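Just so you know, all these numbers are worked out from the coordinates, no wet-lab data involved. The structure presented is a predicted model; accordingly, all values stated were derived computationally and were not measured. FYI the Cβ positions are ideal-geometry reconstructions off the backbone, even for glycines, and counts take in every protein chain you see.
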Amino acid sequence: MEFFDFGTIFFLIAAVVIFFQLRNVLGRRTGNERPPFDPYTAGRSSAKKEQSTNGENVVSLPRRKGAGEPDQTYVEIDNVAKPGTDLNKGMRAIRDADSSFGPQSFVEGAKMAYEMIVMAFADGDRRTLKNLLSREVYEGFVAAIDEREKRNEKIESSFVGIDDMTIIAAEMKGSEAHVTLRIVSELISATRDSAGEVIDGDPETVAEVKDVWTFARDTRSRDPNWKLVATEAED
């Protein structure tokens, strides 16, 4: 029978000890290890918005515009008004002063405001009008309501809908943004006197109404609401 000498046994024990120490330090593969860090791909993946296991979101960073790509800040405006036109320049100026401004969302809000103002005027609802009109326009509307009430006249009005609402002008006046709209709507409206007789309009006919309204807001104000500052009827 052959026996190992003392030196052989010593090196064998040393090899076993080193093996276990390396295993404890490096660990074993379980299939759940994270991939090695890659500085070139990490930037792209971390800039994306991902949902973690606890339901929280990682905020994505805005992607820098590459050469030849359109400026996303003005894409919506350019789709509404041709670049280089006064209308486009005006809306861009408003967007620069108010990052929340967008022509589509503005028109949607103006549609709701238009219906509220028209119906509030017909109903003599001064409180609603005060929140939606500038002081000068409010005073004009209230004066018309006062005269109507003095004559004991009443307006019966039904809002049918808006056929078209288009931004036709936009500009900054100091810190104040102004946007003008051409509005084509349909209303059923009739004015009755104190005896209930129709003296204006028709309670059974849908009439087409064309208006040009201008809304404005101070971009320095925390109040995000726009107010009607000018009205005129379009022939």
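Tabulated data
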| quantity | calculated |
| --- | --- |
| Projected label distance in nm at V212 and S175, using a 7 Å step from Cα toward the beta-carbon | 3.0 nm |
| Rounded if a/c under 1.5, otherwise prolate or oblate - the range 144-190, Cα gyration tensor axes | oblate |
| Set K111/K150; K89/K130; K154/K210; K130/K150 screened for pairs whose C-alpha atoms are more than 28 Å apart | K111/K150; K89/K130 |
| Order by protection proxy (mean Cβ within 10 Å, highest first), peptides 112-125, 75-88 | 112-125, 75-88 |
| Packing-based order for 188-199, 171-182, using average beta carbon neighbours within 10 Å, highest first | 171-182, 188-199 |
| Simple spin-label estimate for N225 and E76 in nanometres, 7 Å along Cα-Cβ | 2.1 nm |
| Cα gyration tensor category, rounded, prolate or oblate, for the range 74-233 with a/c compared to 1.5 | prolate |
